[in-house]
Amino acid sequence: MKIVYAKDGTPGVIAANVLEAYEGLGALHGKHRPMQALLLVAAAQGRLSELVMPRPDLVAIDTLVHRLDLPAIGRREEALLDADTRAFVAAYLTGFRHEIPAHMRLLFARVPEHSPATLISALMLSAYLGLAEGQERMERAILDACEAGADPAVLTTMFAPHLDGFDRERVRGVGFGLDLGAHAIAGGSNAWALTGARTANGRAMLCGDPHLQVNQLPALFFEAALRVGDDYWLGATIPGLPGIAVGRNRNVAWSGTFGVADNVDLTIEDDPAGAPREVEVKRRWQKAERFAFFDTPSGTLERGPRPHAIATRWWGRKDPAACLQAYMRLPLARSADEAVCILDRALTLSLHFVLADRAGAVRYRQLGQIPKGRGDGVLVPLAPGALVEPYAGEDLPRSADDDGIIATANEARLGVDGGVLSTLAQPSYRLDRIKEVLRGRRDHDLASMQALQLDLRSLQAVRLRDALVAALPDGNLRNEIHTWDNIYTEASRGATAFDRAYRAAVRALAPKLGGAWWLAALERTEISVWWCRGIDALLARGFDGETHAAFLRELDVRAPIAPWGEAHTMTMPHMVLGGVPGASRGPFHLPGSLATVRQGNNVPHGKGVATTGPAYRFITDLGEDAAYTSIAGGIDGSVFARSFACWLDDWRAGRYHRLVPPS
């Protein structure tokens, strides 16, 4: 095994076989991104506050990890790894441990030990945080809204038909008081593939465009190029996990988007009987905290106001060892159909997956395990003892292309029996725009794919502009929106005007959605993203008298309207060093909005802001042994390294570099 670097600095591995490839990938993670990897390891053990620092947000993550019982599940599931995966994991960990620098001991009280068990727990944590966690948080928020006095009829309309049968009295007294923590990130992604019938050269193409938190350095993803015998692996990896999250080998390419699956159930239970599962969360320099969890057939129970409590069940806890095996075998697939078969066992991941192969096939597959048989009212908390079975494997949708196109962008799909899989999917603005552009021609190439990943036209604005203009008084704000082309260019004042009016309209829904509670939720949480489809459905109807009066009170029509490039900005702090001089970048313009293909969205995140955007752009022609990529950061995790943010300017400017197998 040999570590190599391309002329542009891209790290690579030349390996004789898969074992050497995983050893090399572990070495690259240990050498260039040890801090990120070890933070994931510590988090997966529920030991961030013990090994790093006892900040409240880290204590909250540790508590969540123990509520989900991830460390114990990892230890149990380790024994279920098959021999090949066990060998792959051992090789990865050998490479990782060999390259961890000594200075990591300055950050951690003790450097956490990485093991097969922590790998399994880390994969589960990556699958839960911000994804399944967001589903749970937003279902809890519905109960909070009810406690705050939200109109049940309005909620039922917003989430139709998923609150059918909602009984306000049955859930009275079981709200959470907005105590939702501060660790969920509201993201969104795009992925699509084209058959040769849609491309200029007659070969299949695949584009991956994961949108995650981008206001951090080092970059969330770590890019690598590996030569594996007579094959190769190119793409984005997650420091601390062995595998290629978005990428390709010689014959197959893959990418995914969050499946927004409703894979969390809330059940109203009586107070528990019997002994709890007690957990101690140690805190560095401080006294440990103790927590008690009650594990029931309905999930893990947390006490609420008597006589009821809420049990939470995450269905993605099933078979994480098999999921790790699938994730690590994906780069070995020889066709899109073989990749689909491999992914059938990845029940922990909630993803829409798009695949393409050198033979010209393109495929779609939804992954995960999602409860079924709950009817339309699937957001209504379950009754005690409710029997629910999951969709998984053959029950979940899969498909070939539709006139040469497969595309996904966090949409809601149905099970093969027509059952509900998603209740809080984002609106279809990005997906509709992607399909609109892809269907517009049959000679797509690298340039057209790059242009689409950078597209700034908003179908949300197309849908809502007339309603906002009708509600606005005459003046400059109204005129800017009325004459706007619905494109979020840096110089656009119409984009700023629309954003200001839209946010005022969302706040104006407070009388219907819980008053002060709604305003606090908008300021502190990602609720405006997860509830966007319902919010926009209300606004598209036009404003009644009460909402219009509140809208005018919330709106500042006299404030200057700056260009979007000045009004919409982001800063990229170091994930640990924060405001230390030289460790951060920005502020600079943040292109796009929540509803554009090139998504750019600032989301409240506790006391700060999380910025969602394209963390990695990946485009590949399956007839060429290369990919074209752009990453939100650089290579090395050290602020002192020249490659720390080496690709940031290119990423901001929409420039790509060519990723090829090492030689």
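Remarks
- Meets criteria (under 24 Å from the mean Cα position of the chain (by Cα) and either crowded, with 23+ Cβ neighbours inside 10 Å or free of Cβ contacts under 8 Å to residues at least 24 places away in the same chain (or both)) for D636: no
- Single match in V89, V59, V65 (criterion: buried (at least 19 other Cβ atoms within 10 Å of the Cβ), under 21 Å from the mean Cα position of the chain (by Cα) and in a helix (DSSP H, G or I)): V65
- The number of residues in segment 423-444 being acidic (D, E) and either in a helix (DSSP H, G or I) or surrounded by 14 or more Cβ atoms within 10 Å (Cβ to Cβ) (or both) comes to 2.
- Search result, residues across segment 243-284 that are more than 26 Å from T612 (Cβ to Cβ), in contact (Cβ under 8 Å) with a residue 24 or more places away in the chain and not in a loop (DSSP other than H, G, I, E, B): V252, D265, T267, I268, E269, D270, R277, V279, V281, K282, R283
- In segment 644-654, the residues that are out of contact with any helix residue (DSSP H, G or I) (no Cβ under 8 Å at 6 or more places or on another chain) and part of a loop (DSSP other than H, G, I, E, B): F644, A645, C646, W647
- In segment 590-610, the residues that are of a type outside the set (G, A, S) and free of Cβ contacts under 8 Å to residues at least 12 places away in the same chain: none
- Conditions (1) modelled with pLDDT of 95 or more; (2) over 26 Å from W530 (Cα atoms); number of the one not met by S593: (2)
- Qualifying residue in segment 555-564 (condition: surrounded by fewer than 20 Cβ atoms within 10 Å (Cβ to Cβ), within 28 Å of T489 (Cβ to Cβ) and either within 25 Å of the chain's Cα centre (by Cα) or among the small types (G, A, S) (or both)): yes
- Only one entry in A273, A292 is touching a Pro at 6+ places or on another chain (Cβ under 6 Å) and small (G, A, S), namely A292.
- Summed over segment 136-167, residues that are free of Cβ contacts under 8 Å to residues at least 24 places away in the same chain and of a type in the set (S, T, Y) total 1.
- Scanning segment 456-484 for residues that are assigned to a loop (DSSP other than H, G, I, E, B), surrounded by fewer than 14 Cβ atoms within 10 Å (Cβ to Cβ) and out of contact with any helix residue (DSSP H, G or I) (no Cβ under 7 Å at 6 or more places or on another chain) returns P473, D474, G475.
- Boolean, G30 is modelled with pLDDT of 95 or more, surrounded by 24 or more Cβ atoms within 10 Å (Cβ to Cβ), small (G, A, S) and in a loop (DSSP other than H, G, I, E, B): no
- For segment 305-363, a tally of residues being surrounded by 23 or more Cβ atoms within 10 Å (Cβ to Cβ), among the β-branched types (V, I, T) and more than 22 Å from F88 (Cβ to Cβ) returns 3.
- Qualifying strands (runs of 3 or more DSSP E) (wholly inside segment 304-417; at least 3 residues being out of contact with any Gly (no Cβ under 6 Å at 6 or more places or on another chain)): 308-314, 351-357, 362-366, 405-408
- Matching residues in segment 577-591 - criterion: being touching a Gly at 6+ places or on another chain (Cβ under 8 Å) and surrounded by fewer than 24 Cβ atoms within 10 Å (Cβ to Cβ): S584, H589, P591
- From the list G24, G46, the lone residue that is in contact with a helix residue (DSSP H, G or I) (Cβ under 9 Å, 6 or more places away or on another chain) and outside any helix (DSSP H, G or I) is G46.
- Subset tally (residues that are under 18 Å from D650 (Cα atoms) and surrounded by fewer than 19 Cβ atoms within 10 Å (Cβ to Cβ)) for segment 592-606: 0
- Residues that are touching a helix residue (DSSP H, G or I) at 6+ places or on another chain (Cβ under 6 Å), within 21 Å of V252 (Cα to Cα) and among the basic types (K, R) do not occur anywhere in segment 390-399.
- Test result for V420, buried (at least 21 other Cβ atoms within 10 Å of the Cβ), under 29 Å from V171 (Cα atoms) and aliphatic (A, V, I, L, M): yes
Okay, residues lined up against (1) of a type in the set (A, V, I, L, M); (2) over 30 Å from S584 (Cα atoms); (3) modelled with pLDDT of 95 or more; (4) outside any loop (DSSP other than H, G, I, E, B):
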site	(1), (2), (3), (4)
R168	no, yes, no, no
G188	no, no, no, no
A224	yes, no, yes, yes
W233	no, yes, yes, yes
L241	yes, no, yes, no
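The values are calculated or read from the model by the stated rules, or taken from the named source; none is laboratory data. Quantities reported herein were computed from a predicted structural model and do not represent experimental measurements. Positions of Cβ are generated from backbone atoms using ideal geometry, with glycine treated the same way; all protein chains shown enter the neighbour counts.
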